[in-house]
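Data first, discussion second: the structure below is written as structure tokens.
Read-outs: derived from the displayed coordinates by stated rules, not from any lab. Since the model is a prediction, treat every value here as computed from it, not as a measurement. Heads up, the Cβs are rebuilt from the backbone with ideal geometry, glycines too, and the neighbour counts pull from every protein chain shown.
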Amino acid sequence: MLIVTIAAILVASIRLNFADTGAMARAPSPKRRALNVTLGKGAEMGWFEHGSTIICFVPSGVVLAPGLCEDESIRAGQRMTQLTS
């Protein structure tokens, strides 16, 4: 799964447990960084500081987990996807 974190323009920031996002934001271009990180199930990845979002890209054969619907909140550790058989 590819996870893209997006900070809203002129509104706070995204904090990631495994990266110095403050230094990354102040650095000159490019603003894109590849980070090789493995997170355990339910592990905290980071948090939003108002006005940010996450976009998840999944490969074909992956669908939303049962009971998960658009425009609903997702809780830490909640299953988001599953493989189709």
| request: Select from region 34-85 the residues that are of a type in the set (Ser, Thr, Tyr) and more than 15 Å from Ile3 (Cα to Cα) and write down the one among them that is farthest from the chain's Cα centre (by Cα). | output: Ser85
| message | Residue pairs, Cβ under 8 Å, 6 or more apart or interchain, first in region 59-85 and in contact (Cβ under 8 Å) with a residue 12 or more places away in the chain and on the phi > 0 side of the Ramachandran plot, second assigned to a loop (DSSP other than H, G, I, E, B) and loosely packed, with under 12 Cβ neighbours inside 10 Å. List them. | response | Gly61/Thr84; Gly77/Lys41; Gly77/Gly42
| query | With respect to the numbered conditions (1) of a type in the set (Gly, Ala, Ser); (2) surrounded by 10 or more Cβ atoms within 10 Å (Cβ to Cβ); (3) without any contact (Cβ under 8 Å) to a residue 12 or more places away in the chain, which one is the sole condition not fulfilled by Gly40? | reply | (2)
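Restricting region 60-75 to residues that are out of contact with any strand residue (DSSP E or B) (no Cβ under 9 Å at 6 or more places or on another chain) and under 25 Å from Ile14 (Cα atoms), which is surrounded by the most Cβ atoms within 10 Å (Cβ to Cβ)?
Of the residues in region 60-75, the ones out of contact with any strand residue (DSSP E or B) (no Cβ under 9 Å at 6 or more places or on another chain) are 60, 67, 69, 71-75.
When the remaining residues are screened for being under 25 Å from Ile14 (Cα atoms), the result is 69, 71-75.
Values: Cys69: 6, Asp71: 4, Glu72: 7, Ser73: 5, Ile74: 12, Arg75: 6.
Across region 60-75, the extreme among qualifying residues is Ile74.
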